[in-house]
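Take a look at the structure below.
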């Protein structure tokens, strides 16, 4: 008799929980539908696709097919994946109240203006980001100009010798400098520059094959010394394309094809 009662109890409880779960599931689907999640996502994806097309990322046919698949059912699949998130953060009672709000006049107005607000907010964000970017670039340029004007002393030991410089991709460059001539080695290739010291720690590099074209001149200023290493900033004579790095004086031999630590 007790087994029958327990079985009946768990059967009723199971049906109740399933009923509760089904009700909440339908409420979540209703909320996702009411708050126009589909339209918002389609708008966002349209913007992303257009940006990627403009940036020429992937083949244009890829984005055409991508957009087609989203509108043919992919967005519904994505919406279904949102259900566990709503389930995690909202109770059944909260879902009912949210739906009631969206069905009110104020709620309907919120929904009807949501996409426009999002679109206009994104434009404001883009403009704000562009302005911020310009400010940052101006600050960097000001800092680079300041480093370019620093007058350092004690660079006599860097006028001659063997040196090593690391590129941003960690590729090493070795070179020899003999006061007025600098020979750089890139694997099996070498480049020769004429060096003119215009200050105690300032010099100009001229490509030996530039045939007097000053547009190819590079102005280098050493702004900090640390033992056998110096930090420099460089730019073209007729532009403000800056480069910053450090160069270390070394003792081992350098030449074509040499590889050192």
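If I take R0 = 30 Å and measure r between the Cβ atoms of residue 94 and residue 59 in this structure, what FRET efficiency does the formula 1/(1 + (r/R0)^6) give, to the nearest 0.05?
Rounded to the nearest 0.05, the efficiency is 0.10.
Taking 30 Å as R0, compute the FRET efficiency from the Cβ-Cβ separation of residue 124 and residue 37 and round it to 0.05.
0.85
Please compute the modelled spin-label separation between residue 218 and residue 198, points set 7 Å along Cα→Cβ, answer in nm with one decimal.
The modelled label-to-label distance comes out at 1.5 nm.
Determine, from the Cβ-Cβ distance of residue 143 and residue 46 and an R0 of 35 Å, the FRET efficiency 1/(1 + (r/R0)^6), rounded to the nearest 0.05.
0.30
Find how much the distance from residue 170 to residue 153 grows on full extension, using 0.36 nm per residue of separation minus their present alpha carbon separation; answer in nm with one decimal.
3.3 nm
Could you list 78, 65 so that the one with the fewest beta carbons within 10 Å of its beta carbon is first and the one with the most is last?
Fewest to most other Cβ atoms nearby, the residues stand as 65, 78.
Which order, highest average first, do 102-115, 170-183 follow once you tally other Cβ atoms within 10 Å for each residue and take the mean per peptide?
Top to bottom by mean Cβ count within 10 Å: 170-183, 102-115.
Throughout, read-outs are computed from the coordinates displayed, never taken from laboratory work. In this text the structure is predicted, and so the values were computed from the model without any measurement. Backbone-built Cβ (ideal geometry, glycine too); neighbour counts: all protein chains shown.
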